[in-house]
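In what follows, a single structure is set out as structure tokens and then discussed.
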Amino acid sequence: MPKAVRFHKLGGPEVLQIEDVAARHPEMGEVAIDVAAVGLNRAESMYYRGNYSQKPEFPSGLGYEVVGTVTAVGEGVDASLIGKRIGTIPIFSMNRYPVLSEKAVVPAEAVAEFPPSLSSIEGASVWMQYPTAYGALVEFAKVGPGDMVLLTAATSSVGLAAIQIVKAQGAISIATTRTSAKKQVLLDLGADHVIANQEEDLPARVHEITGGKLARVAFDAIGGSYIDTLAQAVAPEGTIYLYGLLSEEANSYPVSAFFKCISLTGYMMHQMNRPERFDRMKRYVYERLANGSFKPRVDRTFPFEQVADAYRYLESNQQVGKVVIAI
């Protein structure tokens, strides 16, 4: 029987266990995968703590983003997928399709290939981060040449993908990180400007960087009262795309945003789950991975047996880029 990560109660990484779980055969519209690597995300951390948009059903598995080889397909799925190395795009429920396992079953619509030049470890660092940033910045904000784009939590895998996408769109990235310790690595990874928001006055620095124009778009993973600080750094009639809730504070529409007519927009990956958007996103990401303009950064790889340690590391905020588990 294949081994899988499961948990039987809410809590921190300590609730995660590796258990034997019966393999499931793919049903209509599904594919089975031999898993090679799993990319970790904040969504799973929120999920096992009970803070995610969907509540776990016990005993629960977890995991969104894997790379592996297709071993079987269900009815209605192209059999030519068998034998191909694919990654998963997180547009499915972890209750129905947990993938942090030696073998997984996922919807066929959620699989995507990636260039053969990428390793499986790198491939597990693609289909959460780039689509998340693409959807908000390209599909909805339509970021283009000369735009000033403010990116919070920039050392996360999504933050690094956003830096690359802003550059690909000809825009200017203003990345934020908590302290100056990670400023240089963000500059080395392509950020045009970096602000240490615990050491510097964010609105004042954005005003200085933009010559008083401020940022047209902010892409924020934090939320809470920090939205008010961001709003002070965003231009009138600009937009803040809130894609994460790292802050545990309540979110509200700040006065500073109201008087500047700034839009505060929630963004989630499922908004890309429309055929025309989904196809555009996959082409956009694949082409730039293939030509080398997008390069996923893996911070650290853990063995499967150290899954709890891997999530503890993810929650520590020490990483710059992706944390991956090798199966």
Calculated FRET value between residue 24 and residue 309, using beta carbons and R₀ = 22 Å, to 0.05: 0.20
Long-range amide H partners of residue 192 with built H, under 5 Å: 173, 175
Per-residue ³J(HN,Hα) for the range 146-157, Karplus 6.51 cos²θ - 1.76 cosθ + 1.60, θ = phi - 60°, Hz, x for Gly and Pro: x, 5, 9, 10, 9, 10, 8, 6, 5, 7, 5, 5
Residue list for the range 125-162, given a label point 7 angstrom along the Cα-to-Cβ vector of residue 317 and an amide N cut-off under 16 Å: 151-160
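Past 28 Å, Cα to Cα, is the threshold; run 213/322; 84/183; 167/282; 183/213; 167/213; 9/322 against it and keep the listed order. Provide the component values of the computation, followed by the final result.
Details: 213/322 33 Å; 84/183 39 Å; 167/282 18 Å; 183/213 23 Å; 167/213 19 Å; 9/322 26 Å.
The answer is 213/322; 84/183.
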Farthest toward positive dipole pole in the range 139-270 [+1 Lys/Arg, -1 Asp/Glu at C-beta], among 203, 143, 214: 143
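When you count, for each residue, the other Cβ atoms within 10 Å and take the mean per peptide, how do 143-152, 228-237 rank with the highest first? If you can, show how the numbers build up before the last one.
Values: 143-152: 21.2, 228-237: 19.5.
Ranking the peptides 143-152, 228-237 by packing returns 143-152, 228-237.
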Loop sites in the range 23-68: trypsin sites (Lys or Arg not before Pro), DSSP, at most 14 other Cβ within 10 Å: 24
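Compute the Rg to Rh ratio over the range 26-118 from the alpha carbon atoms, using the Kirkwood formula for Rh, and round to two decimal places. Mind dumping the intermediate values first?
On the way: Rg = 13.1 Å, Rh = 13.4 Å.
Computed over Cα atoms, the ratio is 0.98.
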Potential lengthening between residue 187 and residue 117 on full extension [0.36 nm per residue; Cα-Cα distance subtracted]: 22.7 nm
Positive-end extreme of charge dipole, the range 101-234 - chosen from 168, 233, 112 (charges on Cβ): 233
Cα shape, the range 139-270, gyration tensor, a/c 1.5 rule: rounded
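Suppose every K and R has +1 on its Cβ and every D and E has -1 on its Cβ; what is the size of the dipole of the range 7-111 about the Cα centre, in Debye to the nearest 20?
Working: 9 positive and 13 negative charges, 62 e Å.
For this selection, approximately 300 debye.
When ranked by the protection proxy of mean other Cβ atoms within 10 Å per residue, highest first, what sequence do the peptides 318-327, 273-282 form? It would help to have the intermediate numbers written out before the result.
Details: 318-327: 21.1, 273-282: 14.2.
Descending mean neighbour count gives 318-327, 273-282.
Taking the highest mean first, how do the peptides 285-292, 32-39 order by number of other beta carbon atoms within 10 angstrom per residue?
Taking the mean over residues of other Cβ atoms within 10 Å, the ranking is 32-39, 285-292.
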Helix-only [θ]222 nm of the chain, DSSP H runs n ≥ 4, -39500 (n - 2.57) each, per residue, nearest 500: -7000 deg cm²/dmol
Student exercise, the chain dipole from Lys, Arg, Asp, Glu Cβ charges, in Debye to nearest 20: 360
Distance in nm between pseudo-label sites at residue 142 and residue 263 (7 Å out along the Cβ direction from Cα): 1.0
Calculated over the chain: convex hull of Cα atoms, volume per residue (Å³): 123
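Every number here is computed from the coordinates shown, using simple stated rules; none is lab data. Bear in mind the structure is a predicted one, so any value in this text is a computation, not a measurement. So basically every Cβ, Gly included, is an ideal-geometry build from the backbone, and we count neighbours across all protein chains shown.
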